[in-house]
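Okay, so here's the structure we're looking at.
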């Protein structure tokens, strides 16, 4: 990896110093622009002055350009290792690989908040650039609300977390980035998560703007859906990356720890999934309007709760890198103002949203209501568990912990129920449905799923229900999605050709639901049937784990660019044939003074073999931990499928943001 | 066992989750110890159980759990022994008594509440379906009139 070496800071030419100052200035201007973007369009929309309303568009563009400039200048400071910036000194080092110099920009509190506002401005800009078919007053109000969110976070950055602060005496080298963050999985985890969190700010802006406007209709649903979908896709990828990183980096093959910070990203994901489904009802049936608006407000609320939990360090966890009370209070104030404001507005205006579509008890609409209840309640359970230690200490004077065993027990039943009803709900027609007909169509899928579950039960050695139930559910979801897709091709010949021509939204729905099944299979397989082996191994010694023969061939000391590694060489055999040679490592990053473990994994379709080298033992041997992890990759494979399904749906012609809402108005909704 | 704890305390280097020398000879006891360890929090770490943690204190607790099990404690007795000394903070699965009822009840209660509201809402919506010509919404009726006019 290349490196830009500019020598010790302080000798940097004036122009480079200026770049940082320009960035700082751009950030201040962006704040001012955001304030303008709030006041002028909002007043203009109130007075129906077209010029004032239209001012929102150039303001949003300018705000984005200024923020992008500030972000670029900070990136430049990291690239050139400008240690006169405090932030660069604290989080970078000249010997750091180029990739991590770039990702180091958001690998810290201040830089990550700058990334956050950059994305706020980007989403705002997207409405300004592509929203030509939005009613002008709605567009002005959406941009004004988005400007409000931007202004609040610009103020947060400028007053409590300024990334452009200088050091009076720049040091010769920096303190290096936390080595745990020097990893491709984690390097790109925050940008995706932020795209997701902040994507929900857009649905919030649409919700608040619609409340001010007093109008929620199908066109509104048509606009909110792509943003929700995009946010959900990004959250899925971000959470998947984080969990994949935890799996291979933390050294014992766990993939989800119910850590407060993980929960902080999981709650918006659940709510976004609910919102995604309810906005379909708004768009297609003009029902569930007030509920959808409420969800859109709550979804962004959870995003901000996530920011608050991560940034304030109030529920301290390994992730919390900022534990400054000033920041916590500021964020809490932002959260409180936006939530109270939006909810008050909601309470005052909820009555203007008249539902139009009527539907029977057995219908797609009813099933989506149940979907929303289950997703909402499960998010609520995660929320309660996450804040309970705080509540118990403040109000009941009990110091306690809420960990994985609680969440596994309290959360899983809702997912189980959701998985059970999902294939039925996905196939029920709108308005009024015949349950018997759908059940007849799904009979084969159900029998297949039961058979797979029973087979798993019969083959396993333990008596745990987890694995078989998980596989049953997975098979039910996957085959149910296939039946759903197939049933849309009609009857008679040419069904395959019609299958290919089905709208992308149909494909997206089935792929995403199937992906959920795949993830469930992976989680169940990994939790139920993992095999673990811990032992002392002498170099040259062979041992057996789960039918594989492993031998520790060598342990060597290897030097990396900014770390020193103890690297084992382990050959993995099945019988006599060599499958792979694995190189598990233990690294020490001298600058940061931190050890990390780098597991070596032999990835397979049906299983992973996961090897970790531990400490040297007194007798010349090494502690070696080996795991056999069935279906491990299915967890992330399923997440990729879910995200891909979402992307398919997003790319559907019918939902393309700019595409013909006027056409839709002319055609109307055909009666069934 | 005491001697083992003592000499391991002297090693300052970070140890690494469950060590080979900790593992009990009896696989059944060891399995129980692992199970219990996964429900106990490493007090100096954040949100990590003692089974996964590499902290010295976690190792001491793991050895303590095994010591109790070897001494013939049941699972409950071993956990109670540790809770007596370290407080309920050590439990990753909170007890269900007292104020924690709120925590455990939150999900089911919310489901019940949500379900009730949904039933009321859905029945109201569906009654208008069954009420004859109300199966068309106002909008649809207006459209129908328009179509009939042409």
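What follows is calculated from the coordinates using simple rules that are stated; it is not laboratory data. Predicted model, so just to flag it, every value in this text is computed and none were measured. Using ideal geometry, Cβ is built from the backbone for each residue, glycine included, and neighbour counts are taken over all protein chains shown.
Some points to look at:
- Evaluated at q = 0.15, 0.18, 0.20 Å⁻¹: base-10 log I(q)/I(0), Debye formula over Cα of region A:1-177: -0.78, -0.99, -1.14
- Rounded to the nearest 0.05, the FRET efficiency derived from the C-beta distance between residue A:498 and residue A:603 at R0 = 51 Å is 0.90.
- The packing ranking of peptides A:293-300, A:469-476, A:504-511, A:600-607, highest mean first, is A:293-300, A:469-476, A:504-511, A:600-607, where packing means the average number of other beta carbon atoms within 10 angstrom of each residue.
- Cα gyration tensor category, rounded, prolate or oblate, for the protein assembly as shown with a/c compared to 1.5: oblate
- Scoring A:87-95, B:113-121 by mean Cβ neighbours within 10 Å over their residues and listing the highest first yields A:87-95, B:113-121.
- At an R0 of 56 angstrom, the distance between the Cβ atoms of residue A:32 and residue A:580 translates into a FRET efficiency of 0.45.
- Between residue A:333 and residue A:556, residue separation times 0.36 nm minus the direct Cα-Cα distance comes to 75.0 nm.
- Sequence of A:99, B:36 once ranked by neighbouring C-beta atoms within 10 Å, starting from the fewest: A:99, B:36
- Short-range pairs are left out: with C-alpha atoms under 8 Å and at least six residues apart, the relative contact order of region A:477-530 is 47 percent.
- Label-point gap, in nm, between residue B:124 and residue B:46 - each point 7 angstrom along Cα→Cβ: 4.5 nm
- Packing order of peptides B:19-28, A:571-580, highest average first: B:19-28, A:571-580 (average count of other Cβ atoms within 10 Å over each peptide's residues).
- Inter-chain Cβ neighbour count for A:532-539, averaged per residue, equals 2 (cutoff 10 Å, partner chain atoms only).
- In this label model, residue A:653 and residue A:18 are separated by 5.2 nm, measuring between points 7 Å along each Cα→Cβ vector.
- Oblate is the label for region A:337-431, because the ratio a/c of its alpha-carbon gyration tensor axes (a ≥ b ≥ c) is 1.5 or higher and a/b is not greater than b/c.
- In plain terms, the chain from residue A:531 to residue A:546 could stretch by 4.7 nm, reckoned as 0.36 nm per residue minus the Cα-Cα distance.
- DSSP-defined beta bridges in chain A - what % are antiparallel, rounded to 5: 100 percent
- Helical contribution to [θ] at 222 nm, DSSP H n ≥ 4, -39,500 (n - 2.57), averaged over chain A, rounded to 500: -21500 deg cm²/dmol
- In region A:531-632, inverting the average of 1/r over every pair of distinct C-alpha atoms gives 14.0 Å as the Kirkwood radius.
- Nitroxide proxy distance, nm - points 7 Å out along Cα→Cβ at residue B:73 and residue A:408: 2.1 nm
- Residue mean of other protein chain beta carbons inside 10 Å, A:383-395: 3
- Span from the region A:214-278 Cα centroid across to the region A:178-204 one, whole angstrom: 11 Å
- Exposure proxy ranking for A:46, A:109, based on other Cβ atoms within 10 angstrom of each Cβ and starting from the fewest, stands as A:46, A:109.
- Taken residue by residue and averaged, Cβ atoms of other chains lying within 10 Å of the Cβ of B:99-109 number 6.
- The ranking of A:236, A:75, A:103 from fewest to most other beta carbons within 10 Å of each one's beta carbon is A:75, A:103, A:236.
- Region A:268-404: relative contact order in percent, alpha carbon pairs under 8 Å with at least 6 residues between: 29 percent
- Per residue, the average separation of C-alpha pairs within less than 8 Å and at least 6 apart gives chain A a relative contact order of 11 percent.
- Residues of region A:339-382 with amide N under 16 Å of the 7 Å Cα→Cβ point at residue A:390: A:339-340, A:380-382
- Our note on the geometry: Cα centres of region B:35-68 and region A:560-602, 25 Å apart.
- Three-way shape label, region A:428-488, alpha-carbon gyration tensor, a/c 1.5: prolate
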